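Engineer: Sending over a structure as structure tokens; questions will come in a sec.
Any read-out appearing in this document is the output of simple, stated calculations on the displayed coordinates, not a laboratory observation. Owing to the predicted nature of the structure, the values given are computational and were not obtained by experimental measurement. Glycine also receives a Cβ, built like all others from the backbone with ideal geometry; neighbour counts cover every protein chain displayed.
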Amino acid sequence: MPHLLTAAQQFTPQGQVLEVREYGQGNVHDTFLVTVSDAGAKHFILQRLNTRVFPRPELIMQNLRTFTAHMCGRLRREPLPRGRRWEVPAVLLNRDGGDHWLDPAGSFWRALSFIKDAQSFDTVRDLTHAREVGSALGRFHHLLCDLPPARLADTLPGFHLTPGYLQHYDGVLAKNPAKKSPEADFCLRFVAQRRTWAGVLEDAKAGGELPVRVIHGDPKVNNVLLDAATGRAVALVDLDTVKPGLVHYDLGDCLRSGCNPLGEETGDWETVRFDPETCRALLQGYLPLARDFLTAGDYDYLYDAVRLLPFELGLRFFTDYLEGNSYFKARHPEHNLARALVQFRLTESIESQESAIRGIIRDLSEGGR
């Protein structure tokens, strides 16, 4: 398409654009892989940001520059263990030296360096993969734990604030009652039965039990890149939601994504389950890198994070279904309802295994207290 070629050329000071093709399966932005005839970097990532979701995309770029510079500084001072690599996506400048380009229609485009010899997967393949996913999130938090959260803008106000999502859900439901179906009725009951504990993490934060730190915001399995040769984690990508928040939202979201063997898009929602051994492996990767900043209070709320995050995402999917699929990309009208069912069934599975999950957290955290 001509407009894609034009956008790609804005970030190609040398060489010629050979190909622009869709890349990844993101639910928010339009992402493309650009191939260029350059002897150096032969590929880069081109994105058209969704400004309905992120109405101030310039703040995203400001944050990217701030935390990637901090992370690179930490890596220079703190070399990685032998055999490890960790890549930080770099912001590519346009021909005028800016970090983005506005096309004639007002669309916001940006380019990032491509991390080569790496791959991602939508679901965890085995326990070794799970440990690497946990290690990636742990390294990300470790490298940013001394970055003052106040230096970052909140690119998505209200993100991961479950009480706020409930309030929005109530407003949407009042205007757009759910169509009658067994699936929708299940979702309505599910939300009603769990309203009272939705503020557990925000209440702990307000009470001074949980500190605000820099978080990724969306550390699901397919945002972790693995070295194609060694299988070790080399990057955590999709960085637009990096902001001040609770690390519990990140860890809960990572476990939500990683410990569901069937994945987020399965149509067989009734057989979705939370796998405790994958949970153990993921925490084995995460906790050794997080013990230098986690507090006793942080450990006390880890189970609550595991339980809350799939409920929160299911609530968001169900609300978007009621609202006409205005936030998440949907392939058909019932897509976000199906996604909500998956997350709610995952929440049920977690609740049924509470004692086992708490035991795993206790066993692995004792060395860090």
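Engineer: Normalised radius of gyration for segment 2-114, please: alpha carbon Rg relative to 2.2 N^0.38 Å, two decimal places.
Structural biologist: 1.14
Engineer: Rounded to the nearest 500, what is the chain's calculated 222 nm mean residue ellipticity when only DSSP H runs of at least 4 contribute -39500 (n - 2.57) each, over all residues?
Structural biologist: Computed ellipticity for the chain at 222 nm equals -14000 deg cm²/dmol.
Engineer: Determine, for the chain, the count of lysine pairs separated by eight or more sequence positions (or lying on different chains) whose alpha-carbon distance falls under 21 Å.
Structural biologist: 6
Engineer: Sticking with this one: Per residue, what volume in Å³ does the Cα convex hull of segment 178-322 take up?
Structural biologist: It comes to 139 Å³ per residue, whole-number rounded.
Engineer: Assuming R0 = 41 Å, can you tell me the calculated FRET efficiency for the pair residue 203 and residue 229, based on Cβ-Cβ distance, to the nearest 0.05?
Structural biologist: 0.35
Engineer: At 7 Å along the Cα-to-beta-carbon direction for both residue 291 and residue 354, put a label point, then send me their distance in nm to one decimal.
Structural biologist: Calculated label separation equals 2.9 nm.
Engineer: How many angstrom lie between the Cα centre of segment 118-186 and the Cα centre of segment 296-369?
Structural biologist: Here the two parts' Cα centres lie 9 Å apart.
Engineer: Sort the following peptides by mean Cβ neighbour count (other Cβ atoms within 10 Å, averaged over residues), highest first: 232-238, 166-172.
Structural biologist: Ranking, from highest mean packing down: 232-238, 166-172.
Engineer: Report the label-to-label distance for residue 125 and residue 212 in nanometres (one decimal), using points 7 Å from each Cα along the Cα→Cβ vector.
Structural biologist: Inter-label distance under the simple model: 4.0 nm.
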